[in-house]
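Reading through the structure tokens given below for one structure.
Each reported figure results from applying straightforward, stated rules to the coordinates on display, with no laboratory input. Fair warning: this is a prediction, and the values are worked out from it, not measured in the lab. Cβ placement follows ideal geometry from the backbone for every residue including glycine, while neighbour counts extend to all protein chains displayed.
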Amino acid sequence: MFPRDYKENPFIVIWELTRACELKCLHCRAEAQYHRHPLELSFDEGKKLIDEIHSMNNPMLVFTGGDPLMREDVFDIAKYAIDKGVRVSMTPSATPNVTKKAMEKAKEVGLSRWAFSLDGHNAEIHDHFRGTRGSFDLTMNAINYLHDLNMPLQINTVISKYNYDYLEKMAEMIEKLDCVLWSVFFLVPTGRGQQEDMISPVEHEKVFQWLYDLSKRVPFDIKTTAAQHHRRVVIQNKMREKISASEGSDIRYEDALKSGSTGQIDGLGRAPKGVNDGNGFVFISHTGDVFPSGLLPIKAGNVRETPLANIYRESEIFKSLRNPDLYKGKCGVCEFKHVCGGSRSRAYAMTGDYLESEPYCVYIPKSMRKNAQ
């Protein structure tokens, strides 16, 4: 699937199969409801969409919601995609829908991975965040089912003020649960998510450094979402380590940044370069609306009216998001803008302008430091 030009094709596609869900999560971007929407994409429309996704250099496809298991045809949709060679994973909610029978069906059709959310190391924290008593126990039972079936486990965690003080305990629990990937989300105040639930800019920076140190001593991979400035922290750490190891030879950040964010420079081990809203990333809603991400609620089109490839490649919204030279404020002059770019979702949520600076980044670009002298 590589090399991949993000101007042409995304690295990952998120499809919100439904907004129906039995949980009431505090941060839910979808503000999920108990019942399915009558205008959801049908099974036949879903197959057409999968054909379009596959034609875009076959990106990764993630089924999300709401709760994907609220759709009776979810495994039929998954089978159609998998039979075409699409790599599919799913993020179901921890509800009574997550049965061992459902997991057996998922394995049978060939789902590559299941992801479950854990937002606290105990029921008190997790259930409060998920808005439903018993969610923690359901999640742990589901993880046990998954291990019984020898299916890879991904754990998703939203970092917020509710679990910030317990991250070390979270990491210990996740290592014991034998997951292959810890996907760490940083709260964006959209949907039910509130600004007062977020950690501070300084706390973001502390978590980024903690994650980098953690990645060196745990057996599972770590990725971040809505935390593009984590890439800058990774690069800074790796360059410091290279300079130290080279005993003073002439290694500069500028040289590293010119080489792009691939390979050992980025150190994140998945996407060949930084993924951001609309730049390697596309989100399709339950009714076919297309957005740069699920956290950036600016509609660029609808797959019922326009092919996905046309929307992704030709929408002015997407094109502007893929042009770092349009970024404003300190993001616009930052030497890391081509490998970081800041969260466009958080910029929009906090300022109303998705091209504004990442408001929760503490880094001061070199050019601004020079001008201040």
Sparse-neighbourhood loop sites, trypsin sites (Lys or Arg not before Pro) in the range 198-227 - DSSP loop, at most 12 other Cβ within 10 angstrom:
Lys216, Arg217
Long-range HN-HN contacts of Gly288 with modeled amide H, under 5 Å:
Leu41
What are the lysines whose alpha-carbon lies under 25 Å from the alpha-carbon of Lys169, with same-chain residues fewer than 8 places away excluded?
Lys24, Lys161, Lys206, Lys216, Lys223
Rounded to the nearest 500, what is the 222 nm mean residue ellipticity of the chain from helices alone, with -39500 (n - 2.57) per DSSP H run of 4+ residues and division by all residues?
-10500 deg cm²/dmol
Taking 1 over the mean of 1/r across every pair of different Cα atoms in the range 12-315, what Kirkwood radius in Å do you get?
20.3 Å
Sparse-neighbourhood loop hits (trypsin sites (Lys or Arg not before Pro), the range 292-373; DSSP loop; Cβ within 10 Å at most 10 others) -> none
Extension length gain for Glu314 and Val202 (0.36 nm per residue less Cα distance), in nm, is 36.6 nm
In sequence order, what are the phi-derived ³J(HN,Hα) couplings for the range 167-176 according to the Karplus relation 6.51 cos²θ - 1.76 cosθ + 1.60 with θ = phi - 60°, rounded to whole Hz, with x for glycine and proline?
5, 5, 5, 4, 4, 4, 5, 5, 5, 5
Relative exposure of His35, His54, judged by other C-beta atoms within 10 Å (fewest first):
His35, His54
What does the charge add up to near Ser367, with Lys and Arg as +1, Asp and Glu as -1, over the other residues with Cβ less than 10 Å from its Cβ?
+3
Segments 347-359, 103-115, 278-290 sorted - mean Cβ within 10 Å per residue, highest first
278-290, 347-359, 103-115
Using mean Cβ contacts within 10 Å as the protection proxy, how do 233-240, 58-65 order, highest first?
58-65, 233-240
